[in-house]
1. How would Ile164, Ile218 line up from fewest to most surrounding beta-carbon atoms within 10 angstrom?
2. What is the antiparallel percent of DSSP beta bridges lying wholly in the chain, to the nearest 5?
3. Can you tell me the relative contact order of segment 184-298? Whole percent, Cα pairs under 8 Å, sequence separation 6 or more.
4. Helix 16-29 sits at what angle to the longest principal axis of the chain, using alpha carbons and giving 0 to 90 degrees rounded to 10?
5. Sorting Val317, Val21 on the 10 Å Cβ count, fewest up front, what's the list?
6. Using θ = phi - 60° and the Karplus form 6.51 cos²θ - 1.76 cosθ + 1.60, what ³J(HN,Hα) does each residue of segment 271-288 get, whole Hz, x for Gly and Pro?
7. Given H placed 1.01 Å from N in the peptide plane, which residues other than close sequence neighbours of Val69 have an amide H under 5 Å from its amide H?
8. Would segment 258-331 count as rounded, prolate or oblate if I go by the C-alpha gyration tensor, calling it rounded below 1.5 in a/c and otherwise prolate when a/b exceeds b/c, oblate otherwise?
Amino acid sequence: MSKFKFTVDDNSNVLKFQQLVDWIVDSISRNQLKQGEMLPSVNQIMKESQLSRDTVFKAYAELKKRGIVESVPNRGYFVTKNITKVFLFLDTFKAYKEVLYGSFLKHLPKNISVDLHFHHYNIGVFEKIINESLGKYSKYIVMNFDSPKVPGIIKKIPKEHLLIIDWKIHSTSSQSFVCQNFGNPVYKCLEQNISKISKYNEFTFFYPPFTYHPKITIDYFKKFCAAYQIKHELIFEPEQFKIKKGGLYFLVSDRTLAGFLDQCAKKGFEPGREVGVISYNETPMKKYVKNGISVISTDFEQMGQKAAEFVSSGEKVQFEVPTTLKLRSSV
């Protein structure tokens, strides 16, 4: 085991015991430590890395708790199972992304370790984190976004190891994806509920300047309104967002949904009575807010499950998760 030398990063914000845990997990995932092989002894780690006995024992206890190693009296610690490391790269961590993440973890085998990262739609961060991750993981689950540099960055990841999730933008026919469609399914959802929508005086789509929601949804909103002669308005600036009695509002940001509810409270409007609202993306709380907020959403639980299946099977997948409109009392 002398060939495996752990070095503490004194400049890291990660606790020393966790650094040791991560190092061992990484060594197992890279097949440098194999199932049945003995880990470096506590004394060896202490001597080589200048760690206290308590720190090393804490790390080994955490690995044992996870079922990654086992201890044999008078012999030492041994690797009990192989580990697959997965790179999960999300845009931001919102309530519906938490549903996706929870489902992903729930459907993964226990011997898989997930490192979660966020790019916040920053291409510099996106490129830096991808470059630093190359060769370290067996699978890469990546949320793309609309930047011309994205294709050149993700092509560095071997296509058999890459899964694009949520938005299919910049994907190729040879790459795996589990995504939603922000265009035609939205049209179909609205069309199937034309009787509810047509009772309102005007249908307003508020696309605020701070959202990264795919703009193709705007195109299909306008296409729907034109096809069914729905009086409609498209607004982009917060100062334009003033709700009116008899209006129906289509909101792609939860921040604007909060603003809508604030205005309802001030004007004495009840969603579903004086005004209506359709929010984008289901979250666990929306069915409880104001007796239920209507949502157009994909199934993030299913998206997480399909991503986990890609990791487990290693087989190419190209799957579009259905988008539906859940009508509640707000319409």
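1. Working: Ile164 24, Ile218 19.
The most exposed by this proxy come first: Ile218, Ile164.
2. On the way: 9 of 47 bridges.
Here the antiparallel bridges make up roughly 20 percent for the chain.
3. Values: 155 pairs, mean separation 29.5, N = 115.
So the answer I get is 26 percent.
4. 90 degrees
5. Details: Val317 14, Val21 20.
Least to most surrounded, the residues fall as Val317, Val21.
6. Rounded to whole hertz, the list is x, x, 10, 7, 9, x, 8, 10, 9, 9, 6, 6, 10, x, 8, 5, 6, 9.
7. Lys64, Thr80
8. prolate
Here, each number is a calculation from the coordinates, and none is a lab measurement. Everything numeric here is computed off the predicted structure, so don't read it as measured data. When we count neighbours, we look across all protein chains shown, and the Cβ atoms used for this are built from the backbone with ideal geometry, even at glycine.
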